[in-house]
Amino acid sequence: MIARALDSISNIEFKEYDLTKGQYLYLVRIFENPGIIQDKLAEMIKVDRTTAARAIKKLEMQGFIEKRDDDINKKIKKLFPTEKGKNVYPFLKREGEYSNMVALNGFSPEETKAIFQLLHRVRKNIEVEWDFVKKGNKRDY
């Protein structure tokens, strides 16, 4: 519910930049990891390659990112933010920081640290399941 609510807020607030349906997540990760390849980005965001390809294509068509050939292997396309993407990043970063501040309002620094550590453990648990299912396996429940 928390993730969906924040995603919904972001989609509304980022409309003025023509960023929708979680595209801002891709742009932020590309800005923070210039030269990342599409497969690594999809893995980082935890989406399938087809979903990532659509979002990346749209961001490229909108002028937020560009693909560049790898110096060694021309089949590999690296992703970089354009000037337009770089210009919108500070707004995206401020929104993320603000959302974190609102979410953690009233928590002590110790509680905030504990939440971070616990959520990190939850994420690690889920990543194992995500990898398992993405490889075509079925969970036994």
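The values are calculated or read from the model by the stated rules, or taken from the named source; none is laboratory data. Keep in mind that what you see is a predicted model, and the values were worked out from it rather than measured. Counting neighbours? That spans all protein chains shown, and the Cβs are built from the backbone with ideal geometry, glycine included. These accessible areas exclude ligands, DNA and RNA; they are computed on the full protein's heavy atoms, side chains included. Shrake-Rupley method; radii C 1.70, N 1.55, O 1.52, S 1.80 Å.
Being surrounded by 14 or more Cβ atoms within 10 Å (Cβ to Cβ) and either closer than 23 Å to G22 by Cβ or without any contact (Cβ under 8 Å) to a residue 40 or more places away in the chain (or both), is that true of even one residue in segment 104-114?
Yes, there is a match, as at least one residue in segment 104-114 is surrounded by 14 or more Cβ atoms within 10 Å (Cβ to Cβ) and either closer than 23 Å to G22 by Cβ or without any contact (Cβ under 8 Å) to a residue 40 or more places away in the chain (or both).
Mind checking whether some residue in segment 39-55 is in contact with a strand residue (DSSP E or B) (Cβ under 9 Å, 6 or more places away or on another chain) and either assigned to a helix (DSSP H, G or I) or open to solvent by 60 Å² or more (accessible area, probe 1.4 Å) (or both)?
yes
Does any residue of segment 20-38 turn out to be among the hydroxyl-bearing types (S, T, Y) and surrounded by 16 or more Cβ atoms within 10 Å (Cβ to Cβ)?
Yes: one or more hits.
Residues checked against (1) charged (D, E, K, R); (2) modelled with pLDDT under 90:
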{"residue": "A3", "(1), (2)": "no, yes"}
{"residue": "D7", "(1), (2)": "yes, yes"}
{"residue": "E16", "(1), (2)": "yes, yes"}
{"residue": "T20", "(1), (2)": "no, yes"}
{"residue": "L25", "(1), (2)": "no, no"}
{"residue": "V28", "(1), (2)": "no, no"}
{"residue": "N33", "(1), (2)": "no, no"}
{"residue": "I37", "(1), (2)": "no, no"}
{"residue": "M44", "(1), (2)": "no, no"}
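Let me spell it out: the conditions are (1) touching a residue at least 12 places away in the same chain (Cβ under 8 Å); (2) within 17 Å of the chain's Cα centre (by Cα), and E60 meets all of them except one. Which number is the exception?
For E60, the failing item is (1).
Restricting attention to segment 80-95, report how many residues are loosely packed, with under 14 Cβ neighbours inside 10 Å and among the acidic types (D, E).
The number of residues fulfilling the criteria is 1.
Which residue pairs have Cβ atoms closer than 7 Å, lie 6 or more positions apart in sequence or on different chains, and pair a first residue in segment 1-17 that is surrounded by 16 or more Cβ atoms within 10 Å (Cβ to Cβ) with a second residue that is at pLDDT 90 or above and of a type in the set (S, T, N, Q)?
L6/S99
Test R49 against the criterion of being closer than 13 Å to G85 by Cα and without any contact (Cβ under 8 Å) to a residue 40 or more places away in the chain, and give yes or no.
Taking the combined requirement at face value, the residue does not satisfy it.
Which condition does V128 not pass, out of (1) loosely packed, with under 11 Cβ neighbours inside 10 Å; (2) at positive phi, if it passes all the others?
(2)
Could you list, ordered by first residue, the pairs with Cβ atoms under 7 Å in which the first is in segment 65-79 and under 26 Å from L19 (Cα atoms) and the second is part of a loop (DSSP other than H, G, I, E, B), at least 6 apart or interchain?
The qualifying pairs are I65/T82; E66/T82; I76/D70; K78/G35; K78/D70.
Report the residue count in segment 92-115 for those that are closer than 19 Å to A5 by Cα and either touching a strand residue (DSSP E or B) at 6+ places or on another chain (Cβ under 9 Å) or part of a helix (DSSP H, G or I) (or both).
Here the count works out to 13.
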